[in-house]
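Chemist: Below is one structure. I have some questions about it.
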Ligand SMILES: [Ca+2]
Ligand SMILES: [Ca+2]
Ligand SMILES: [Ca+2]
């Protein structure tokens with residue numbers, strides 16, 4: 001029996017090492033890579049305190065720059081300047097507090113899908129390994145509960161809360177709005193896809209739809225079920241069909257989540273460079289009560305062991321999630337270091353995929369939405385509790401794994417939704 005796997009990663013040696021293995025562990029999802037592009041500089045211009053975005057736009061215009069987007073959350077504009085000299089002059093102008101590179105970030109390459117489920121389950125979609133059973137075999141279970149959903153104890157708490165009323169935004173490649181096992185309440189596109197139309201948040205890659213299913217695939221008689229099947233799902237498209245995007249579009253999504261009062265933002269993405277504008281966006285959003293859940297990263301095998309947690313997971317205002325396997329062992333690819341908060345299932349995760357499909361994926365990208373879903377369940381059950389309190393309770397009730405106490409691979413441990421929800425009944429002491 002072969003499982004359908006996809007080997008996802010934009011760049012790098014990890015792809016080769018992960019995919020060369022005989023075990024079905026494969027390339028991490030959602031790895032953002034920085035790259036300065038050729039051509040006119042794309043920057044994030046942050047205004048001085050007290051300087052309005054209109055005034056800042058005037059300074060940009062004087063350098064013949066173009067404003068692409070307002071980023072009110074950090075009092076900044078995403079801009080394109082004619083050349084580096086203009087960027088330097090803008091950086092020195094009285095209106096500008098700081099100029100950051102709007103780095104091009106990369107997430108994924110499209111995975112292979114298992115479509116239609118379950119006739120492809122045993123490798124039927126692989127032309128080199130045709131199925132031995134007729135593809136018309138009836139499914140044995142109309143709905144499969146993915147192992148990760150069971151492992152975090154979600155199915156034990158659904159009588160109490162399925163996340164109804166809690167809004168989760170998936171900041172990613174979009175979500176397939178027509179997937180029959182997903183109910184997407186709305187979304188927005190900040191990428192240049194389809195001329196930058198705001199309504200073009202359809203997933204043209206697959207990553208975002210997979211992540212969304214782990215958060216909130218519907219509890220019905222088909223496909224899979226997510227951790228918070230009644231949560232309200234929104235798509236914010238910051239990554240295009242190649243799985244890449246502008247950092248400013250990720251920030252725009254965080255801004256959009258704050259403006260709309262969403263409870264949780266899932267960011268199965270990461271960069272290996274610090275950009276102050278991203279940190280400020282996360283810090284301001286957390287202060288506004290948004291729970292920011294981010295992957296730890298998939299650099300656990302790199303040459304910087306013990307210090308490989310990605311941004312924005314690396315910031316204290318976000319929850320950084322490591323990936324465990326079905327034996328509760330940390331995945332070899334899971335980035336680790338002092339910033340890991342908690343762990344969740346992230347190896348061989350079955351979830352939704354575009355065109356009514358399902359796919360199995362691995363990566364801290366797959367672990368992160370388990371945590372986002374858990375927080376949605378908690379928030380829905382105890383809406384009066386603050387984001388800081390919910391985050392603290394989820395960490396405190398995690399199942400300790402590895403070395404005793406917090407450690408730099410598992411963080412506080414594997415999240416445990418029944419224990420977290422029980423603790424939430426007591427609230428937090430101020
Ligand atoms: Ca379902
Ligand atoms: Ca963090
Ligand atoms: Ca431990």
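The values are calculated or read from the model by the stated rules, or taken from the named source; none is laboratory data. Fair warning: this is a prediction, and the values are worked out from it, not measured in the lab. All Cβ positions, even for glycine, are placed from backbone atoms using ideal geometry, and neighbour counts span all protein chains on display.
Chemist: So which residues in the range 272-304 are modelled with pLDDT under 95 and surrounded by 22 or more Cβ atoms within 10 Å (Cβ to Cβ), if there are any at all?
Modeler: Hits for the range 272-304 are 295, 296, 297, 298, 299, 300.
Results for (1) surrounded by 20 or more Cβ atoms within 10 Å (Cβ to Cβ); (2) in contact (Cβ under 8 Å) with a residue 12 or more places away in the chain; (3) more than 27 Å from residue 285 (Cβ to Cβ), shown as yes or no for each residue.
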site	(1), (2), (3)
144	no, yes, yes
147	no, yes, yes
157	yes, yes, no
161	yes, yes, no
164	no, yes, no
170	yes, yes, no
175	yes, yes, no
179	yes, yes, yes
184	yes, yes, no
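Chemist: Among the candidates 306, 313, single out the residue that is in contact (Cβ under 8 Å) with a residue 40 or more places away in the chain, closer than 20 Å to residue 273 by Cβ and more than 10 Å from ligand 2 (Cβ to nearest atom). Don't jump to the end; show me each part of the working.
Modeler: Numbers: 313 fails: more than 10 Å from ligand 2 (Cβ to nearest atom).
Within the list 306, 313, the selection yields 306.
Chemist: Oh, and also: Given the condition touching a strand residue (DSSP E or B) at 6+ places or on another chain (Cβ under 7 Å) and in a helix (DSSP H, G or I), answer yes or no: does some residue in the range 257-269 qualify?
Modeler: Yes - at least one qualifying residue is present in the range 257-269.
Chemist: Kindly provide the set of residues from the range 204-220 that are outside any helix (DSSP H, G or I) and at pLDDT 95 or above, ordered by number.
Modeler: Residues of the range 204-220 outside any helix (DSSP H, G or I): 204-206, 217-220.
Result: 217, 218, 219, 220.
Chemist: Can I ask one more? Among the residues in the range 225-242, are any more than 19 Å from residue 394 (Cβ to Cβ), more than 16 Å from ligand 1 (Cβ to nearest atom), surrounded by fewer than 21 Cβ atoms within 10 Å (Cβ to Cβ) and without any contact (Cβ under 8 Å) to a residue 60 or more places away in the chain?
Modeler: no
Chemist: Now for a different question. If residue 255 passes every condition in (1) more than 16 Å from the chain's Cα centre (by Cα); (2) closer than 18 Å to residue 168 by Cβ; (3) touching a residue at least 40 places away in the same chain (Cβ under 8 Å) but one, which one does it miss?
Modeler: (1)
Chemist: If you don't mind, another one. For the range 292-309, give me each residue that is closer than 14 Å to residue 411 by Cβ and touching a strand residue (DSSP E or B) at 6+ places or on another chain (Cβ under 6 Å).
Modeler: Of everything in the range 292-309, those that are closer than 14 Å to residue 411 by Cβ and touching a strand residue (DSSP E or B) at 6+ places or on another chain (Cβ under 6 Å) turn out to be 293, 294, 295, 296, 297, 309.
Chemist: Taking the options 308, 277, 317, name whichever one is assigned to a loop (DSSP other than H, G, I, E, B) and touching a helix residue (DSSP H, G or I) at 6+ places or on another chain (Cβ under 9 Å).
Modeler: Details: 308 fails: touching a helix residue (DSSP H, G or I) at 6+ places or on another chain (Cβ under 9 Å); 277 fails: assigned to a loop (DSSP other than H, G, I, E, B).
Result of the check over 308, 277, 317: 317.
Chemist: Somewhere in the range 146-154, is a residue over 18 Å from residue 359 (Cα atoms) and assigned to a loop (DSSP other than H, G, I, E, B)?
Modeler: For the range 146-154, residues over 18 Å from residue 359 (Cα atoms) and assigned to a loop (DSSP other than H, G, I, E, B): present.
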